[in-house]
Amino acid sequence: MNLIGEKISYKPDEQFHLNDVSFNFKKGNLYTILGRTLSGKTTLLKTIAGLLNPDQGSISFEEKDFIKIPVWERNVAMVYQQFINYPHLNVYENITFPLEQRKLSPEQIKKDVDEALKTVGLVGFENRKIQELSGGQQQRVALARSLAKKAKILLLDEPLVNLDYKLREQLREEFKRIFSEGLSQDTILIYSTTDPQEVMELNGEVIVLDEGKVLQKGPAKEIFENPSNLKVAEISNDPPMNVLKGSKNLKNLNFENISLEIPNHFKNLEDKDYNFGIRASEIKLDENGEEFEIELAEISGSETLLHLKRGNSKIIALIEEVMNFKIHEKVKINFNANKFYAFGEDEKLVSSPYGGTNGKN
Amino acid sequence: MSKLYTFLKYFFITFWTVFVVAPFLWAVSTSFKDFQSVNSKVTYIPWLDFEPTLEGWRVLIKSPAKGGVDIVEPYFNSIFVTCTASLISIVLGTLAAYALSRFTFKAGFVRNNDITFFFISQRIMPPIVLSIPFFIFLSTIGLLDSLLGLVVVYIVLLMPIAVWIMVDFFNRVPKELDETALIDGCNPYQAFYKVVLPNSIPGLIVAGMFCIIFGWIDFFFAFILTFTEVQLLPVKVVALNSSITPWWSLSASALVSVAPLIIVAFIVERYLSKGNLSGALK
């Protein structure tokens, strides 16, 4: 009864948009697809919806070959990152459109639409024109249309990306509520995003996609704690995880003429060259620390992002207060050695502070 | 600065209005004159400069047997040919434009843009190049000097305009709108007429207006491809000008010829300012 994709490839031009993607989505679950722009997220969702036909591979749903079923008979719902509604219809008609298309009874339609309007908080807006709504409200209409359909597969393609910061935060909170209340156990919810924070908050099963390939699958916590390789570590952190080329010997971790004591979880590590990974938030200003040069300092909300340089290495540090720095100023920082990741020279995870290794995944 | 700007703005608006409207007023005035008032001296204002007469207008509806010119039949011929050809052009052109905008065609080296250009290239060619082929074509299929033949030729002339305008219009309607319709349970035909078409009304109106204008004012093909059986309005109006120029009936017929376009312009303008797609495009 699951939505199963096997070895799906889509290559309309020189490049793969999807490359050997497989998945097994179970009903009643939330799946997030995490990837940078152009990583194939939208392509994957459109393939599931039936708007694109893969060159290779198969998709089956409820034991039926999904690829043979045309889009309009698949009973999926999709919300786009652009706010797509029918401009010639008002809010109410927009939401009834798919229901009328399915020839439901008027009573049923009214009930479903009222319910959906309530869920997205648009009661009282029924007769408004789409053009009169704000971006956030337009996206709510699109979401309401998808919810009212009670589709078995609900696809959300970066639904928050075109909204301003505040609205995004607010709608993200609401999404969590809507997903837990408004959806039946029959629904498969697939949510794509570029934002690691959204993935962590929604806390579903994650698929990390890059250049059309699946890099890692697993629960959000697992992706965060044990990214299987450097790419995943970069994609699943914002700012991306810092990478420092260095080596481990008997006593120390060495990189850029810095020596650190070996943390506990690295004790059993072979002595050789590694790519060490450290999150921006695990770097602190420290009078007794190592000297780095500031390349850029950005203030974002109540935090300061420091772009630092030493030798050939460039790193980003996240300082949890607003501070003013001059460019090319020298600062001293300290690394939280207990939170170091080690990736091999093949970029695969060798050791993580949370105990995972590539072998385990 | 802003005062000067306002002054210049109103000055040019006034100037332009006079420039455009004056010939019309002149024609209106002339249409009520008789031979005497046109040829003896310059006259402007009825009752003051000359005694107005309806002779110029009466001639237009009198049959030739009674010394009139009877533009009623050519008038309806023109309406029929223009409307039929415009309607068919819009229907076919819209379908073609939708296909060109949404699907990718490949035939040898020919791509979508080449096909669109092929349509437009029909208008780039000077009409005279087409006149002989059209003449031979119509005479071969026996449609020379007939309304149907003219409709066929006008479709060839008008459809490129419809395709050109509508391709551009559909390209600006997001593809995701069609996709959403498909996802919401429409098959491709329903998606087209339930979602795409209702949102294309401004484009259809513009395309329709251009088709009607270009169809209505065409003189060249109406002149070449008809003789005695069928006459269109532009040809009939020009034909009024014989050994003596009857300025009064010429003015009157010119005014009735322009009237439909003015009406169309007023109706269309109202719709154009209403329609917009901002809700879908944002």
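Every number in this text was worked out from the coordinates using simple rules, so none of it is lab data. Given the structure is predicted, the values throughout are model-derived calculations rather than measurements. Here the Cβ is made from the backbone with ideal geometry for all residues, glycine too, and neighbour counts use every protein chain on show.
With unit charges on the beta carbons (Lys and Arg positive, Asp and Glu negative) and the dipole taken about the Cα centre of the range A:3-230, which residue among A:S39, A:Q101, A:P87 sits farthest to the positive side?
The listed residue farthest towards the positive side: A:Q101.
Using Cβ counts within 10 Å as a stand-in for footprinting exposure, how do A:H265, A:H328, A:H88 rank, fewest first?
So the residues, fewest neighbours to most, are A:H328, A:H265, A:H88.
On average, how many beta carbons from a partner chain sit within 10 Å of the beta carbon of a residue in A:77-86?
6
Using the eigenvalues of the Cα gyration tensor, what equivalent ellipsoid semi-axes result for the range B:19-70 when each is taken as the square root of five times the eigenvalue, whole Å, largest first?
They are 22, 14, 8 Å, listed largest first.
Could you derive backbone 3J(HN,Hα) for the range B:156-172 from the dihedral phi with the Karplus parameters 6.51, -1.76 and 1.60 (θ = phi - 60°), listing whole Hz in sequence and x where the residue is Gly or Pro?
3J(HN,Hα) across the range B:156-172, in whole Hz: 4, 6, 8, 4, x, 5, 4, 4, 4, 5, 6, 4, 4, 5, 5, 4, 8.
Compute the separation of the alpha-carbon centres of the range B:194-249 and the range A:314-336 and state it in Å as a whole number.
Computed from Cα coordinates, the inter-centre distance equals 75 Å.
Please report the base-10 log of the normalised intensity I(q)/I(0) for the range A:235-351, using a Debye sum with one equal scatterer per alpha carbon and no solvent, at each q in 0.18 (1/Å).
Each listed q corresponds, in turn, to -0.91.
Between A:E63 and A:E181, what is the label-point separation in nm under the 7 Å Cα-to-beta-carbon projection?
Calculated label separation equals 3.7 nm.
Restricting to bridges with both residues inside the protein assembly as shown, how much of the DSSP beta-bridge set is antiparallel, in percent to the nearest 5?
Just about 75 percent of them are antiparallel.
How large are Rg and Dmax for the range A:140-242 when calculated on the C-alpha trace, in angstrom?
Rg, Dmax (Cα atoms, Å): 14.4, 44.
Name the residue farthest towards the positive end of the dipole of the range A:235-351 from the options A:L318, A:M241, A:G301, assuming +1 on Cβ of Lys and Arg, -1 on Cβ of Asp and Glu, about the Cα centre.
Of the listed residues, the answer is A:M241.
What number in nm² do you get for the range A:3-230 if you take the convex hull of its Cα atoms and divide its surface by four?
That works out to 12.7 nm², a quarter of the Cα hull's surface.
Scaled to the compact-protein estimate 2.2 N^0.38 Å, what is the alpha-carbon radius of gyration of the range A:316-359, rounded to two decimal places? Each step should come with its number before you reach the end.
Numbers: Rg = 15.4 Å, N = 44, 2.2 N^0.38 = 9.3 Å.
The value comes to 1.67.
For the cross-link pairs A:K231/A:K267; A:K217/A:K348; A:K26/A:K217, which exceed 18 Å when the distance is taken from alpha carbon to alpha carbon?
A:K231/A:K267
Which lysines, on any chain, are close to A:K166 with Cα under 26 Å apart, when same-chain ones fewer than 8 places away are left out?
Excluding near neighbours in sequence, the set is A:K41, A:K118, A:K129, A:K176, A:K221, B:K282.
Need the list of lysines near B:K33 for cross-linking: C-alpha distance under 19 angstrom, and skip anything on the same chain fewer than eight residues off.
The reachable lysines, counting only those whose Cα sits under 19 Å from B:K33, are B:K41, B:K62.
Quick check for me: using +1 on Lys/Arg Cβ and -1 on Asp/Glu Cβ, what's the dipole size of the protein assembly as shown about its Cα centre, in debye to the nearest 20?
Numbers: 65 positive and 71 negative charges, 228 e Å.
Computed charge dipole of the protein assembly as shown: roughly 1100 debye.
Choose one answer from B:A22, B:A162, B:A259: the residue with the largest mean-square fluctuation in a GNM of chain B with alpha-carbon springs under 10 Å.
B:A22
Give me the orientation-averaged projected area of the Cα convex hull of the range A:92-184, in nm², one decimal.
6.0
Return, for the Cα atoms of the protein assembly as shown, the radius of gyration and Dmax in Å, separated by a comma.
Here Rg and the maximum Cα pair distance are 35.9, 121 Å.
With +1 on each Lys and Arg Cβ and -1 on each Asp and Glu Cβ, how big is the dipole of chain A about its Cα centre, in debye rounded to the nearest 20? Numbers along the way, then the final one.
On the way: 47 positive and 55 negative charges, 172 e Å.
The dipole of chain A has a size of about 820 debye.
I'd like the orientation of helix A:106-120 relative to chain A: the angle between its Cα long axis and the longest Cα principal axis, in ° from 0 to 90, rounded to 10.
That helix lies at roughly 20 degrees to the long axis.
Can you figure out the FRET efficiency of A:K284 with A:N24, using R₀ = 41 Å and their beta-carbon distance, to the nearest 0.05?
Working: r = 42 Å, r/R0 = 1.02.
That gives a FRET efficiency of 0.45.
Considering Cα pairs under 8 angstrom that are at least six residues apart, work out the relative contact order of chain B and quote it in whole percent.
Once divided by the residue count of chain B, the mean separation gives 27 percent.
Assuming 1.567 mPa s and 4 °C, estimate D for chain B with Stokes-Einstein, Rh taken as the Kirkwood radius over Cα pairs, in µm²/s.
Details: Rh = 22.2 Å.
Diffusion coefficient, whole number: 58 µm²/s.
Assign unit charges at the C-beta atoms only (+1 for Lys and Arg, -1 for Asp and Glu), then state the dipole size of chain B relative to its Cα centre in Debye, rounded to the nearest 20.
620
With N set to the residue count of the range B:155-282, report its C-alpha Rg divided by 2.2 N^0.38 Å to two decimal places.
Details: Rg = 20.5 Å, N = 128, 2.2 N^0.38 = 13.9 Å.
That ratio works out to 1.47.
Restricting to chain A, what percent of DSSP beta bridges are antiparallel, rounded to 5?
Numbers: 58 of 76 bridges.
Here the share of antiparallel DSSP bridges comes out near 75 percent.
Among B:R58, A:R168, A:R145, what is the fewest-to-most ranking by other Cβ atoms within 10 Å?
Final ranking by Cβ density, sparse to dense: B:R58, A:R168, A:R145.
So for chain B, taking the charge dipole from beta-carbon charges (+1 Lys/Arg, -1 Asp/Glu), which of B:L225, B:F76, B:N113 sits furthest toward the positive end?
Farthest along the dipole direction, towards plus: B:N113.
Send over the per residue convex hull volume for the range B:57-149, Cα only, as a whole number of Å³. Before the final figure, lay out each step's value.
Values: hull volume 14.8 nm³, N = 93.
Looking at the range B:57-149, the number lands at 159 Å³ per residue.
Considering only C-alpha atoms, what is the centroid distance from the range A:213-268 to the range A:49-91, in Å?
38
Where does helix A:165-181 land angle-wise versus the long Cα axis of chain A, in degrees 0 to 90, nearest 10?
Approximately 60 degrees, to the nearest ten.
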